Amino acid sequence: MREAHPGLPDFDYVRPASLEEASRFLAENPQSARPFMGGTDTFVRLRDGFWKETRYLVDVKNLDGRAEITFDPRNGLTVGAAVNMNQVVADPQVRAHYPLLAQAAHRVASYQLRTRATLIGNLCNASPAGDTLGACLLFGGILRVHGVEGFRDQPLAGFFQGPGRTALQPGDIATSIRFPLPVPGSVGHYEKLGRNVLSDLAIVGVTALGHPDSSTASGHRFHLALASVGPVPVILRDLLTQAPLTPEALDEAAGRAMEACHPIDDVRGSARYRKFMVRNLSRRALNRVWEGLQSGHCCE
Amino acid sequence: MDTVETTTPRPHQESAAPRPVGESVTRLDAHEKVTGEALFADDLQFGPNMLYARIKRSPHPHARILKIDASRALALPGVKTVVTGQSTPGFIGLYLKDRHIFCTDRARFVGDPVAGVAATTEEIAEKALDLIDVEYEVLPPVLDPEEGVRPDAELLHPELGSYEVANFIFPQPGTNIPNLFKIRKGDVDKALSEAAAVVHHSFRVPHVQHVPIEPHVAIAKVDERGRVTLWGSSQSPFAQRNLIASALGISQADLEVVAPYVGGGFGCKAGVSMEALAVAIAMQVRGRPVKLRLTREEEFYTTFVRQGLVAHFTMACDAEGNLTAMDNKFFWDGGAYAEYGVNMTRGAGYSSSGPYDVPNVRTDSYCVYTNHPVGGPMRGFGQPEMQCGLEQCINRLALEIGMDPMEFRRRNCVKEGSNLVTGMKMHATGIGECLEKAAEAIGWGHKDPPSAPHKRRGKGIAAMWKAPAMSPNAGSSAWIEMSEDGKCTLGLGGQEIGQGTFTVMAQMAAAALGIPYDWVRIASPVDTKYSPYEWQTVASRLTWSMGNAVVAATKDARRQILELVARSWEETPEDLDIVNGNVISAKSGRSSSLKGLVVYGLARPGDQGWIGGPILGRGSFMPTYVTGLDPETGQGERAVVHYTTGAQAIEIEVDLETGRVEVLRGASAFDMGKAINPDLVRVQMEGGLVQGISTALFESLQLQDGVVRNPSFVDYRIATSADAPRDMQSIIVEVPQDDGPFGARGVGEHSMVPTMPAIANAIHDALGIHPGAPPFTAEKVYLAMVDAGLVK
């Protein structure tokens, strides 16, 4: 049995003066140095003894001095790395243009934790249960990453490689995430199933996004992202394009989501139950999005 | 809120009792707890001399310990001592001494303490654990109580026959059974053969944990002469004094236990668990305080857990719906040591009819050693687990013969004079009224439409009873000392664990003496050196037992005061009274403040000396009327002091798409004889309901090969306020108890006893599916619906 340490193991707290210094330090100590943001996952994992080799915790919060959310009507939304979840939830621009993101951020843990937890941290932690991964993926998020070679853009597509594993290399620090403007008329919905009402991890999480599309037979296009049913988020794109939208068509799309995932049995739930829930929650989420599209309101 | 019942203080009606008994006065500890001023064990400061302890634990569920080499740990700078079982050869245990403080030759569960380290910091102590080398020979584990009773099962305690044991516990030497309690009443086989309906069902209730907000903490210091002081978060300072002193071979008078406020206990801080470890380590580093704190993870598997239970019920009734027979077999998963758990086996046995009048009962209640965490007391002491299955069977039997489950219960429930399962005669009880009021509160008999098309609603009810399960002669004592201005300090040994006992004791003392409530202070923290003896803060027994002692002490002080004043006034004490802090005479109309006279006495007229002296009241209480039970039949004159009864009615809604059960309404009605403080009683009812909901819907220690797979709040989910029903009603029923102060009996544990079966019965009402054993998680309910063809 894993023995939790009564306190934290020994480590040095490193607060670099610049992004360059931070990237260099992290690259020079690839095994022993870890970057951290809010620390809500980092400190728990350290205490639990997951990272035996960690010697340095490198505080990379707000090294570029831009702990802010900005919205540009042409380029979309940018969320800085030091922005916490509660700020995402409350931000008027997020709520106006990306309400799905606010909804997903609101389902992360508890209010107290959301004052520390960050959107970027949630992405870089790469938990298969991460609540915001689906929304960020479906909105086509692009991370701004600072590495030893300087800045680069890192699209979220292909970013997640396994539980806790991402495309980031030693020295890489995600400084912000940008979301292009959503397709006009987009409606999203996040369905999360926890074991109890508040603050659980997702046993199954379904993110749905739909928008009008005059090029399809249905006049719409839908996308799904599934959490906690595979090592990385399961994405189903371009659903419900072929035929007019009916309840049966939505049921069928939900069935496809069920077929597309391969969950495991674990302490939180069985594979059998998770598959049923992927179908039922996908159906629920797709219907909510459809209702939103019909009413012409972005729904939450 | 749909209800104001529990949130708005209301004047309590009907009050023959003197003020402030029956009033919802403000808690004595409210101010210091709200401001953060109140001290808990971890807040106490011991200076730079203090050492920190950590415990090396067995990673194996069952193993022989071949060798322990601590030399590398001892060489680590900062390590002051390493203690193993060699230093603690004595046995410890409340009802059955089957446990060493540290393992000697054998480890019996994952987490069993093998060695203890004291070091200058907690970090060094933790590091030292990795430097202790332990060689084990792994033994086959027993992981199921029904397997454990088989003749060929691996024996956990081959020495069982030689253990010291209380005379009402019956170990079976040469087996894994530390207690077997039997009931043989009437002719069960005949009754079953003649019955109109018979049901037979089995239930497997999982282990759960108490999860108090404050983990266990203990600080021990041993002086140069070997005298011990132990500070800790404890429900049982006096039991700890006794058990630890006996195990270490020292006098109880040389062990002082200081017990500040407890941040939640629910039973896990009763008896002795980790506290003895701190003392044993401190023995080796005399003069230095040694502090041991458990991590939250350790809390889940190294201290007491609520035992698992495998229960088989057969019950029968006649065509009119009269219960005729019950045939029960219980296999309690007692864990590695059953020193406390053996008595739950007994309690389940002598209450095994449930709160019903059943002429023919056969029960075998086995406590079984397994290589699981140690089973100990938890709120309800076995009754929630046992009555979980029993009350589902009652429901099924009622439905089987086509009778309303509530009507069936009312018809069969115990009444004054009923011949109970042990042969004891039932005292006056309000269970029928509890059933009716709980049912009425949720609109029993009406089915409301669900809130959405994909939901189904259901209602369920369950009754309960529970007696204080304790040593028959568990005693209480109290003193009351007056100060110069007439205010007083009440000495007692029961613990304030959040339930409000200090407040209730102050109310009773104020009422019995005739002074205002805010004149009473409690001599706290409880300290075995200065506080009067109290057996333990368990069994919902304080209001009743300690209350009797407090009333006796207060009456003793009152008698001294009245005799003094009567002498001075040349009247008789019978003509005098104390009202609102003044002695008054009904005969002469004279009146005098208590001020001065309660300490300095009164001057004789004409400067002729003084009479009286400092007033010090003392009182004690011990039930002397509980008799033994026959080991073969479980029959005897008076098995217990009394039973508290009650009922809960629950309305739920099930989401057909997820299986999630939402509790919409929960009504609790309990008969506590007399509500000394109605608000505190309601809070107990609410808390018990929510904890009951938590165990019904979420909680389970997931044990695999003896390892707890979910030892943290990440994966051991408990109900939060968001899971509690918006509509909670707490109904007070008062049928006075003849041996209780002001007619009161306990109600702390009872409100979580009927919750699991009430919810199970509501699920059946909603879906037609019997969910069986808890927890009724969304997954369990959904897959049951799939298997029943209710959903696809």
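Report yes if B:Ala510 is over 30 Å from B:Phe40 (Cβ atoms) and not in a strand (DSSP E or B), otherwise no.
The answer is no for B:Ala510.
Could you grab me the full set of residues in the range B:591-640 that are of a type in the set (Lys, Arg) and surrounded by 14 or more Cβ atoms within 10 Å (Cβ to Cβ)?
Scanning the range B:591-640 gives B:Lys595, B:Arg618, B:Arg638.
Could you please find all residues in the range B:665-705 being within 14 Å of chain A (Cβ to nearest Cβ), touching a strand residue (DSSP E or B) at 6+ places or on another chain (Cβ under 9 Å) and either part of a helix (DSSP H, G or I) or among the aromatic types (Phe, Trp, Tyr) (or both)?
If the condition is that a residue be within 14 Å of chain A (Cβ to nearest Cβ), touching a strand residue (DSSP E or B) at 6+ places or on another chain (Cβ under 9 Å) and either part of a helix (DSSP H, G or I) or among the aromatic types (Phe, Trp, Tyr) (or both), then B:Val690, B:Ile693, B:Ser694, B:Thr695, B:Ala696, B:Leu697 are the ones that fit.
Before we move on, is A:Phe222 assigned to a helix (DSSP H, G or I), out of contact with any Lys or Arg (no Cβ under 8 Å at 6 or more places or on another chain), surrounded by 14 or more Cβ atoms within 10 Å (Cβ to Cβ) and of a type in the set (A, V, I, L, M, F, W, C)?
Spelling it out, it is not the case that A:Phe222 is assigned to a helix (DSSP H, G or I), out of contact with any Lys or Arg (no Cβ under 8 Å at 6 or more places or on another chain), surrounded by 14 or more Cβ atoms within 10 Å (Cβ to Cβ) and of a type in the set (A, V, I, L, M, F, W, C).
Would you be able to tell me the number of residues in the range A:152-198 that are more than 14 Å from chain B (Cβ to nearest Cβ) and either of a type in the set (Lys, Arg) or assigned to a loop (DSSP other than H, G, I, E, B) (or both)?
Residues in the range A:152-198 being more than 14 Å from chain B (Cβ to nearest Cβ) and either of a type in the set (Lys, Arg) or assigned to a loop (DSSP other than H, G, I, E, B) (or both): 22 in total.
Condition check: more than 14 Å from every other protein chain (Cβ to nearest Cβ), at pLDDT 95 or above and under 21 Å from the mean Cα position of the chain (by Cα). Does A:His262 satisfy that?
yes
Residues checked against (1) assigned by TED's automatic domain parsing to the domain that holds A:Ala174; (2) of a type outside the set (D, E, K, R); (3) crowded, with 21+ Cβ neighbours inside 10 Å; (4) outside any helix (DSSP H, G or I):
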site	(1), (2), (3), (4)
A:Thr40	yes, yes, yes, yes
A:Ala109	yes, yes, no, yes
A:Leu113	yes, yes, no, no
A:Arg116	yes, no, no, yes
A:Leu137	yes, yes, yes, no
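Within the range B:251-358, considering only helices (runs of 4 or more DSSP H) that don't extend past its boundaries, which have at least 2 residues that are within 19 Å of B:Cys103 (Cα to Cα)?
Those helices (runs of 4 or more DSSP H) span B:275-282, B:296-301.
Could you list, ordered by first residue, the pairs with Cβ atoms under 7 Å in which the first is in the range B:280-296 and within 14 Å of another protein chain (Cβ to nearest Cβ) and the second is assigned to a loop (DSSP other than H, G, I, E, B) and aliphatic (A, V, I, L, M), at least 6 apart or interchain?
B:Lys291/B:Met50; B:Leu292/B:Met274; B:Leu294/B:Met274; B:Thr295/A:Ala4
Condition first: of a type outside the set (Phe, Trp, Tyr) and in a helix (DSSP H, G or I). Now tell me which residues in the range A:264-276 satisfy that.
Across the range A:264-276, the qualifying residues are A:Ala271, A:Arg272, A:Arg274, A:Lys275.
Of all residues in the range A:248-263, which are of a type outside the set (A, V, I, L, M) and assigned to a helix (DSSP H, G or I)?
A:Glu248, A:Asp251, A:Glu252, A:Gly255, A:Arg256, A:Glu259
List every residue pair whose Cβ atoms lie under 9 Å apart, where the two residues are 6 or more positions apart in sequence or sit on different chains, the first residue falls within the range A:34-48 and is at positive phi, and the second residue, located anywhere, is crowded, with 19+ Cβ neighbours inside 10 Å and not aliphatic (A, V, I, L, M).
Between residues of the range A:34-48 that are at positive phi and residues that are crowded, with 19+ Cβ neighbours inside 10 Å and not aliphatic (A, V, I, L, M), the close pairs are A:Gly39/A:Gly121.
Do the conditions hold for B:Ser471, that is, is it polar (S, T, N, Q) and at pLDDT below 95?
yes
Yes or no, residue by residue, for (1) farther than 30 Å from B:Gln704 by Cα; (2) out of contact with any Cys (no Cβ under 9 Å at 6 or more places or on another chain); (3) modelled with pLDDT of 95 or more; (4) part of a strand (DSSP E or B):
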residue: B:His201; (1), (2), (3), (4): no, no, yes, yes
residue: B:Arg204; (1), (2), (3), (4): no, yes, yes, yes
residue: B:His210; (1), (2), (3), (4): no, no, yes, no
residue: B:Trp231; (1), (2), (3), (4): yes, yes, yes, yes
residue: B:Ala239; (1), (2), (3), (4): yes, yes, yes, no
residue: B:Leu243; (1), (2), (3), (4): yes, yes, yes, no
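Which ones in the range B:569-601 are part of a strand (DSSP E or B) and farther than 13 Å from B:Asp485 by Cα?
B:Leu576, B:Asp577, B:Ile578, B:Val579, B:Val583, B:Ile584, B:Ser585, B:Ser591
Quick one: which of B:Thr422, B:Thr429 is touching a Pro at 6+ places or on another chain (Cβ under 9 Å), crowded, with 20+ Cβ neighbours inside 10 Å and part of a loop (DSSP other than H, G, I, E, B)?
B:Thr429
Go through B:Leu143, B:Leu131, B:Leu94 for me and flag whichever is among the aliphatic types (A, V, I, L, M) and in contact with a helix residue (DSSP H, G or I) (Cβ under 6 Å, 6 or more places away or on another chain).
Among B:Leu143, B:Leu131, B:Leu94, only B:Leu131 is among the aliphatic types (A, V, I, L, M) and in contact with a helix residue (DSSP H, G or I) (Cβ under 6 Å, 6 or more places away or on another chain).
Out of A:Arg284, A:Arg279, which single residue is in a helix (DSSP H, G or I), within 14 Å of another protein chain (Cβ to nearest Cβ) and farther than 12 Å from A:Leu226 by Cα?
Unique residue meeting the criteria: A:Arg284.
Of the conditions (1) among the aliphatic types (A, V, I, L, M); (2) farther than 21 Å from B:Val138 by Cβ; (3) within 14 Å of chain A (Cβ to nearest Cβ), B:Val79 satisfies every one except a single condition; which number is it?
Only one criterion in (1) among the aliphatic types (A, V, I, L, M); (2) farther than 21 Å from B:Val138 by Cβ; (3) within 14 Å of chain A (Cβ to nearest Cβ) is unmet by B:Val79, namely (3).
Looking only at residues that are facing another protein chain (nearest Cβ under 8 Å) and in a strand (DSSP E or B) in the range B:706-751, which one is nearest to B:Gln383 (Cα to Cα)?
So, considering only residues that are facing another protein chain (nearest Cβ under 8 Å) and in a strand (DSSP E or B), the one nearest to B:Gln383 (Cα to Cα) is B:Val708.
Just the residues that are among the basic types (Lys, Arg) and farther than 18 Å from B:Leu435 by Cα, please, taken from the range B:632-673.
Across the range B:632-673, the qualifying residues are B:Arg638, B:Arg660.
Criterion first (β-branched (Val, Ile, Thr), assigned to a strand (DSSP E or B) and crowded, with 18+ Cβ neighbours inside 10 Å) does B:Ile561 satisfy it?
No: the conditions fail for B:Ile561.
Among (1) assigned to a helix (DSSP H, G or I); (2) surrounded by 21 or more Cβ atoms within 10 Å (Cβ to Cβ); (3) away from chain B (no Cβ under 14 Å), which single condition is A:Gly210 missing?
Of everything listed in (1) assigned to a helix (DSSP H, G or I); (2) surrounded by 21 or more Cβ atoms within 10 Å (Cβ to Cβ); (3) away from chain B (no Cβ under 14 Å), A:Gly210 misses just condition (1).
Out of everything in the range A:42-60 that is within 14 Å of another protein chain (Cβ to nearest Cβ) and part of a loop (DSSP other than H, G, I, E, B), what residue ends up being surrounded by the most Cβ atoms within 10 Å (Cβ to Cβ)?
The extreme case among them is A:Asp48.
Could you please give the count of residues in the range A:118-135 that are in a helix (DSSP H, G or I) and not polar (S, T, N, Q)?
Number satisfying all stated conditions: 8.
Any idea which of A:Ser32, A:Ser18 is away from chain B (no Cβ under 14 Å), surrounded by fewer than 16 Cβ atoms within 10 Å (Cβ to Cβ), of a type in the set (S, T, N, Q) and in contact with a Phe, Trp or Tyr (Cβ under 9 Å, 6 or more places away or on another chain)?
Selected residue: A:Ser32, the only one of A:Ser32, A:Ser18 that is away from chain B (no Cβ under 14 Å), surrounded by fewer than 16 Cβ atoms within 10 Å (Cβ to Cβ), of a type in the set (S, T, N, Q) and in contact with a Phe, Trp or Tyr (Cβ under 9 Å, 6 or more places away or on another chain).
Find the residue count for the range B:448-505, including only residues that are of a type in the set (D, E, K, R) and buried (at least 24 other Cβ atoms within 10 Å of the Cβ).
3
Determine whether A:Pro231 is away from chain B (no Cβ under 14 Å) and touching a Pro at 6+ places or on another chain (Cβ under 8 Å).
Yes, satisfied.
The values are calculated or read from the model by the stated rules, or taken from the named source; none is laboratory data. For clarity, every value in this text was computed on a predicted model and none was experimentally measured. Cβ: placed from backbone, ideal geometry, glycine included. Neighbour counts: every protein chain shown.
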